[in-house]
Amino acid sequence: VRLHNCGFWRPKCLLDMARFTLSFNSWHRKNHQDSRALWKHEAVQKYLETLSKEYQQISHQLNADSINDFEQRTLKRRCADLSPIAAAFQEIKEAEREGQELEAMCRELDSRDEKQLLELALEEKETLDKKMNMLCRELFQLLVPKEKYDRSHVILEVTAGRTTGGDICQQFTKEMFEMYQNYADYKHWTFDVVNYTPAEIGGLHHAAAHISGDDVYRHLKYEGGTHRVQRIPETGLSSRMQRIHTGTMSVIVLPQPEEVDVKVDPKDLRIDTFRAKGAGGQHVNKTDSAVRIVHIPTGLAVECQQERSQQLNKEIALRTLRAKLYQQIIEKQLSQEQSARRLQLGTRAQSERIRTYNFTQDRVTDHRISYDARNIKEILSGKEALDMLINRLLEFAEIEAVTEYLENLQTLEGGG
């Protein structure tokens, strides 16, 4: 249900999700941590009650014979937008009443020392709590405006940090690229490597991949930024002295709509060829099959060396270049202040980190939502643990958007 497309839930005061781009500095951070807590907020209840009443009124009006065809079409569109919200609201209300009845029953059973029945009632209440959490999350997903590019494929780039860490950055960059490759497999996406520049010691300087599948950008859009690693190197003096080294790498996630129509003048391109290299620095072949294309007006450069055919590499590189040029158009729409690419990349300094991977404490910390996850190996395996972290970010973003909207709505109602 794309509520924002019909002009219903996107007045001027509504904060675009794109502007949210991981600022995470709002009132919500201090006052509630999940969808269930937001549900209990008075402003949310008031707003949902208003929508529910409006849905009932529109349903009644649609049954009247006095409305003309234009009014009927308008009301039907509005009714279709409100219907799932009203249904979810009523379902949560009903579950809430069941929960209150169960709580009363538990208190009564406890006072009568009915231990066996109390255990059954508590199990039922636990099941109901999980249902409530799920329903609240689904409700706020309905309310949050969908981002234009959420369903898009992406180009994901990883680059070892230049400011600190050296070898440890390159090794960590390789681990991160493999993590996203495994995550793509876990989500049943297609992961096509576009560029891969290995480091001499077995790490990775830079790599890029085209990832296609269902809702790829929605899940990966908050992975862009500087990721910090803290670990004791496995070899060298630091490993013997048990010294912790710190390094960084950066991730850029560019949405790539299926149809990218950007005209590129061949006169604006400089095309270089060179020999492709594989992991460890070995030559993949003895011909200059790898391609680097520079867009002279913008300075954008892309490389592709994964295919044995120079022509295929050129076609892939051109497709990537068009996506990056298209990204510049997208960035103007996404943010008036600062481009999404610059927000993600920054200077790759530690002060701009979005996440820290501390190997000595076996902890991953996402600094934007103050969330800690244990078992780094599980996260880096790119499966369920990473998916849980990403979903935590998505839920936080959804709640942030709803909170901002309600705050703006209250300001307008108060004449602010």
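The values are calculated or read from the model by the stated rules, or taken from the named source; none is laboratory data. From a predicted model like this one, the values you see are computed outputs, not experimental measurements. Here the Cβ is made from the backbone with ideal geometry for all residues, glycine too, and neighbour counts use every protein chain on show. Accessible surface areas use protein heavy atoms only, side chains included; no ligands, DNA or RNA. Shrake-Rupley method; radii C 1.70, N 1.55, O 1.52, S 1.80 Å.
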List every residue pair whose Cβ atoms lie under 9 Å apart, where the two residues are 6 or more positions apart in sequence or sit on different chains, the first residue falls within segment 317-328 and is crowded, with 18+ Cβ neighbours inside 10 Å, and the second residue, located anywhere, is part of a helix (DSSP H, G or I). 324/341; 327/340; 327/341
Within the group 62, 75, 48, which residue is without any contact (Cβ under 8 Å) to a residue 40 or more places away in the chain and surrounded by 15 or more Cβ atoms within 10 Å (Cβ to Cβ)? 75
Count of residues meeting criterion [under 18 Å from residue 256 (Cβ atoms) and in a loop (DSSP other than H, G, I, E, B)] in segment 305-326: 1
Quick check on segment 142-154. Is at least one of its residues part of a helix (DSSP H, G or I) and under 22 Å from residue 35 (Cα atoms)? yes
Condition first: open to solvent by less than 50 Å² (accessible area, probe 1.4 Å) and either in contact (Cβ under 8 Å) with a residue 40 or more places away in the chain or more than 12 Å from residue 142 (Cβ to Cβ) (or both). Now tell me which residues in segment 83-102 satisfy that. 84, 85, 88, 89, 92, 93, 95, 99, 102
Here the qualifying pairs (Cβ atoms under 9 Å; residues six or more apart or on different chains; first in segment 376-389 and at positive phi; second in a helix (DSSP H, G or I) and hydroxyl-bearing (Ser, Thr, Tyr)) come out as 382/180; 382/183; 382/186
Could you list all residues from segment 209-228 that are open to solvent by less than 10 Å² (accessible area, probe 1.4 Å) and either in a strand (DSSP E or B) or in contact with a Cys (Cβ under 9 Å, 6 or more places away or on another chain) (or both)? 209, 211, 225, 226, 227
Just to be sure I understand, how many residues within segment 364-395 are in a helix (DSSP H, G or I), of a type outside the set (S, T, N, Q) and open to solvent by 20 Å² or more (accessible area, probe 1.4 Å)? 9
Quick check on residue 121: is it outside any strand (DSSP E or B) and within 22 Å of residue 388 (Cβ to Cβ)? no
Name the residue, out of 78, 151, 137, 73, that is of a type in the set (Lys, Arg) and out of contact with any helix residue (DSSP H, G or I) (no Cβ under 8 Å at 6 or more places or on another chain). 73
Would you mention how many residues in segment 107-155 are open to solvent by less than 70 Å² (accessible area, probe 1.4 Å), among the basic types (Lys, Arg) and under 20 Å from residue 45 (Cα atoms)? 1
Please determine whether any residue of segment 341-348 is surrounded by fewer than 17 Cβ atoms within 10 Å (Cβ to Cβ), modelled with pLDDT under 80 and of a type in the set (S, T, N, Q). yes
Extreme residue, modelled with the highest pLDDT, among residues of segment 233-263 that are open to solvent by less than 70 Å² (accessible area, probe 1.4 Å) and out of contact with any strand residue (DSSP E or B) (no Cβ under 7 Å at 6 or more places or on another chain): 262
Segment 139-155 residues that are touching a residue at least 60 places away in the same chain (Cβ under 8 Å) and at negative phi, paired with ones that are aromatic (Phe, Trp, Tyr) and open to solvent by 20 Å² or more (accessible area, probe 1.4 Å) (beta carbon under 9 Å, 6 or more apart): 143/47; 153/189
